[in-house]
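Beneath this line is the structure, given in structure tokens, with notes to follow.
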Amino acid sequence: MKYNCLIAAGVFLSVTSISYASAQSFNDVSSIQVMLNKYDNVDGSPYLSDTWLQGSVKLANNPKTYTQLLLKYNQEEDNLYFQGEDNTILGFTDPVSEFKINTIRDGMPYIATYKNGYKNVAGTIVNSFFEVLAGGKTQLLKKTFKTIEETKEYGSAVVQRKLVVNTRYFLYTDGQAIMVKPNEKSILQALNSKLTELKTFIAQNKINFKSDADLSRLIDYYNSIYFV
């Protein structure tokens with residue numbers, strides 16, 4: 001017999017789990033060293049990728065784009081880190097508004113774009129990062145949540161901890177978000193226009209709704225025929 005307890009991201013954000021060194025500057029980026037131990041004895045990874053990935057960053061209060069940084073995106077904390085000297089983990093002291101990471105999608109090189117600033121999205125705050133799968137008037141946003149789940153066998157003192165992944169998709173237009181499932185019925189119902197053209201496009205292009213790349217193509221096409 002088991003019982004489960006879902007732990008929200010903020011529960012573990014204590015001085016015993018994360019500590020910060022004094023502010024510093026690295027590669028002209030104001031930063032602070034981060035030391036994490038909250039993921040000790042936790043199954044799974046909190047990161048988009050465990051390896052450092054090359055990317056670029058824009059800050060909310062600075063028009064400059066910082067390039068050629070090695071980045072890690074912590075999806076459990078919704079925080080972005082970059083690599084400092086001697087493989088140190090550095091956090092940004094100034095708010096990040098957008099970042100891009102060179103990664104792989106469907107076996108091909110891909111630049112993933114993440115942005116925040118989206119209002120009225122259920123279960124998130126304005127500082128939450130979303131992967132922008134499709135831009136334009138109607139945007140397709142993807143949010144990956146990771147939470148720590150604790151499980152303990154009945155009568156046992158041993159607590160097992162693992163990261164649980166939950167992914168949501170949203171269509172975002174004119175400051176309003178509609179959560180959709182990655183299937184034809186849900187997306188067409190949310191768009192609710194140009195349905196004949198969209199169904200033809202889906203059939204002709206054999207759109208796979210389990211593929212983020214195909215979902216991006218579909219919304220790009222919708223924007224091209226609707227907002228003209």
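The values are calculated or read from the model by the stated rules, or taken from the named source; none is laboratory data. Being a predicted model, the structure only gives us computed values, none of them experimental. When we count neighbours, we look across all protein chains shown, and the Cβ atoms used for this are built from the backbone with ideal geometry, even at glycine. Each accessible area value is taken on the protein alone, full model and side chains, heavy atoms only, with ligands, DNA and RNA left out. Shrake-Rupley method; radii C 1.70, N 1.55, O 1.52, S 1.80 Å.
The protection proxy used here, the mean number of other Cβ atoms lying within 10 Å of each residue, ranks peptides 95-107, 64-76 as follows, highest first: 64-76, 95-107.
Considering only protein heavy atoms and a probe of 1.4 Å, how much of the accessible area of region 117-228 is carbon and sulfur, as a whole percent? Walk me through the numbers on the way to the answer.
Numbers: 3050 of 6160 Å².
Within region 117-228, the accessible surface is 49 percent carbon and sulfur.
Label-to-label distance for Met35 and Lys152 is 2.8 nm, based on points extended 7 Å past Cα in the beta-carbon direction. Over all pairs of different C-alpha atoms in the chain, the reciprocal of the mean inverse distance, the Kirkwood hydrodynamic radius, equals 19.6 Å. Site pair Leu195 and Met108 shows an inter-label distance of 3.1 nm when each label is modelled 7 Å from Cα along Cα→Cβ.
The long axis of helix 212-226 is offset from the longest Cα principal axis of the chain by roughly 40 degrees.
The count of lysine pairs in region 109-196 whose Cα atoms are under 18 Å apart, excluding pairs fewer than 8 places apart on the same chain, comes to 14. Can you list the aspartates and glutamates whose alpha carbon is less than 12 Å from that of Lys199, not counting same-chain residues fewer than 8 positions off? Filter leaves Glu184.
Counting charges near Phe145 (Lys, Arg +1; Asp, Glu -1) among other residues having Cβ under 15 Å from its Cβ returns a value of 0.
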